[in-house]
Amino acid sequence: MRSVVEIVPTHIVREGGGFKVRRPFRMGRVLSPFLLIDEMGPVDYGPGEAVGAPWHPHRGFETVTYLLDGRMRHEDSAGNSGELNPGDVQWMTAGRGIIHCEEPHEDFLKTGGRTHGFQIWVNLPAEHKMMAPRYQEVPASESPTVEENGVSARIIAGECMGVSSSIDTKIPITLIHVKMEKGSRLIQKIDSALNGMIYVFGGSIIIENKISVKKHPMAFGLGAKQNIVDGELALLSEGDEIKIHSTSESEFLILAGPELNEPIERYGPFVMNTKEEIHQAFLDYQNGTLAK
Ligand code: MN
């Protein structure tokens, strides 16, 4: 049974063209294989106010964009483009290089409205960092969902309550959006070889475990609280399942993936293993070969 070993609080920062994101204080290795877990908004824009992320490059990892409210448009230097509406998922593998922009849809920009969603960066192991870029897009109408006993879930990657995602990943990833009614329970299986974490963005939940936290070998944060509230990222101990009890109406993400155990060299939108590779990414971006 997994338990909470550490709570990482979040803070609000500005990204891209100035849009507001809520982000865990600690990032990088501690979240392996996730590099960034950004909650975009929620923010209410007036007409003409919505902002996004103008043209920028990426190399060495994947970005997952999951929209809950609003309407976005994306375009890349290779000529790919598309839009994202509530419930849609874009799983973009930057691999050796993508240069793109992620902006509010022009109609949404005109009217204004609420923007809310997530952008999550998933690291790639060294052997796949320079893979060919690819997009996997799952519109809300086709994305796997399940509802049972007061628990509803959208499976972005991995499996929940017997329902699986079709997203293909190079390393095993679980990413599930869960909504729970007050008093409901969910048991989520997670392979014990994977790091597990939960990000709550509405209400509060309790992680139930049979073993006393104080006796648990992984509970280095002695007496770590087992309740997780809005705006907290909980890092979980080892184990093969998570037992969740919702103490209010709640909403959260369950995330899991392997410890990559490789050096992380990050500079802005490039995430590689060595300083030399970062330098090369800059050179390739400057001379126009990054996304070729
Ligand atoms: Mn981007």
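Bear in mind these aren't lab numbers, they're just calculated from the coordinates by the rules spelled out. No experiment lies behind these values; they were computed from the predicted model shown. Ideal geometry is used to build each Cβ from the backbone, glycine not excepted, and the neighbour counts take in all protein chains shown.
Details
- Each of R134, R2, R73 was scored by other Cβ atoms within 10 Å of its Cβ. Listed from fewest to most, they are R134, R73, R2.
- Shape category assigned to region 139-193 from the gyration tensor of Cα positions, a/c cut at 1.5: oblate
- Annotation: the residues W91, W55, sorted from fewest to most other C-beta atoms within 10 Å of their own C-beta, follow the order W55, W91.
- Tilt relative to the chain, helix 275-286 - C-alpha long axis, 0 to 90 degrees, to 10: 40
- Ratio of Rg to Rh over the chain (Cα coordinates, Kirkwood Rh, two decimals): 0.96
- Using C-alpha pairs below 8 Å separated by at least 6 residues, the relative contact order for region 4-258 is 21 percent.
- Cα→Cβ-extended label distance, 7 Å offset, between K189 and N261, nm: 2.5
- Efficiency of FRET between K182 and E241 - r from beta-carbon atoms, R0 30 angstrom, step 0.05: 0.85
- Dipole in debye (nearest 20) - region 14-147, about Cα centre, beta carbon charges: Lys, Arg +1; Asp, Glu -1: 660
- The label-point distance for Q280 and H116, in a model that sets each label 7 Å from Cα toward Cβ, rounds to 4.3 nm.
- In terms of distances greater than 30 angstrom between alpha carbons, the cross-link table entries K20/K110; K243/K275; K110/K292; K182/K225; K129/K179 yield K243/K275; K110/K292; K129/K179.
- Global geometry of region 63-143, whether rounded, prolate or oblate, following the gyration tensor of its Cα atoms and the 1.5 cut on a/c: prolate
- Residues of region 117-152 with amide N under 20 Å of the 7 Å Cα→Cβ point at S81: 134-139
- With neighbours defined as other Cβ atoms within 10 Å of a residue's Cβ, the residues Y135, Y285, Y199 order from fewest to most as Y135, Y285, Y199.
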